[in-house]
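Below you'll find the structure, written out as structure tokens, and then a few comments.
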Amino acid sequence: MHTKEDILQAFGRLLDVQERLRKECPWDRKQTNESLRSNTIEEVYELCDALLKDDRRNICKELGDVMEHVLFYSIIGSETNDFDIADVCNQEADKLMFRHPFIDWTGWTGDPKEQVNNGLTATAEDAEIPTTEQAVAETWEQIKQREKDGNESVLSGVPAALPSMIKAFRVQEKASNVGFDWPQREDVWKKVEEELDELKVELQKGDRDHSTRELGDFFFSIINAARLYHLNPENALELTNQKFIRRFNYVEKTAAKNQKRLKDMTLSQMDKLWNDAKQLEKDGMLT
């Protein structure tokens, strides 16, 4: 792999390229924070797709696209003298160091001993050293509450624009980090069953509004169960989406080879092709 010097040189090269594009490219010159936002969302989703597939080549490519956007926003910020990429990097480094006070940063620029937020300091000496992943997460949330510009409440740091499933997972995770959680993870199943029963009642009544609310409660309980069992519900659902698409594409393509249209086929005929797809998948012949 590359040396630290190589990495810094490559980062500087990318920054130089982006700065020149901002000055000389008509499209780049026209962009604003608002106009770039949708592109950034698309790039992040493309990265997520590569990560889910563990496609190392495309992970590298998509990371570059996301990094280019970080640089772009930083250049725009520098044009109004609000911030530049150095501010972005230094602020993030300071934050990470401050939120890990159990690590001794003595001699490092930005030593948390010198970072004073709301009159509070966090040092390696006054912090209990966490020994588990959960303990680190709990320490992280507690320190965020102490920061000068930290979150006003435990859940206020969850972005309102997050997709609903990810948001549900994050609010549950944050609440858990301050002790609001089931004593035993097995306890969650009673709640899941309770929410499912309530959903069935509303569906039988034909009450669309209450059914929608109960469906949300049921989803929320299932996501909570996934969290307690250390499963990522977003990834799980996307894997199922991909599996369904893969199998349905097989059904559609096979039908077309036999000069048939899906809408002209019976459900049993389509089910047979679906089961064929499942078997091919099991044999590793449908990917």
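Put the Cα centre of segment 1-70 next to the Cα centre of segment 214-287 and the gap is 33 Å. Surface analysis of the chain yields an accessible area of 70 Å² per residue, using protein heavy atoms and a 1.4 Å probe. Free of any chymotrypsin sites (Phe, Trp or Tyr not before Pro) that DSSP assigns to a loop and that have at most 14 other C-beta atoms within 10 Å, the longest stretch within the chain is 1-107. Taking a straight Cα-Cα cut-off under 24 Å and skipping sequence neighbours fewer than 8 places away in the same chain, the lysines within cross-link reach of K263 are K243, K253, K272, K278. Fully extending the segment from H2 to L14 would add 2.7 nm, taking 0.36 nm per residue of separation and subtracting the current Cα-Cα distance. Here K190 is the anchor, and the lysines within straight C-alpha reach of less than 21 Å, apart from those fewer than 8 places off in the same chain, are K200. Only Cα pairs under 8 Å and 6+ residues apart enter the sum, and on that basis the relative contact order of the chain stands at 8 percent. For a Förster distance of 25 Å, can you work out the FRET efficiency between the beta-carbons of L286 and I166, rounded to the nearest 0.05? Working from the Cβ atoms, E equals 0.30. When you restrict to C-alpha pairs under 8 Å that are six or more residues apart and normalise by the size of segment 28-92, the relative contact order lands at 26 percent.
The values are calculated or read from the model by the stated rules, or taken from the named source; none is laboratory data. Not measured: the values here are computed from a predicted model. So basically every Cβ, Gly included, is an ideal-geometry build from the backbone, and we count neighbours across all protein chains shown. Note: areas computed on protein heavy atoms with side chains; ligands, DNA, RNA excluded. Shrake-Rupley method; radii C 1.70, N 1.55, O 1.52, S 1.80 Å.
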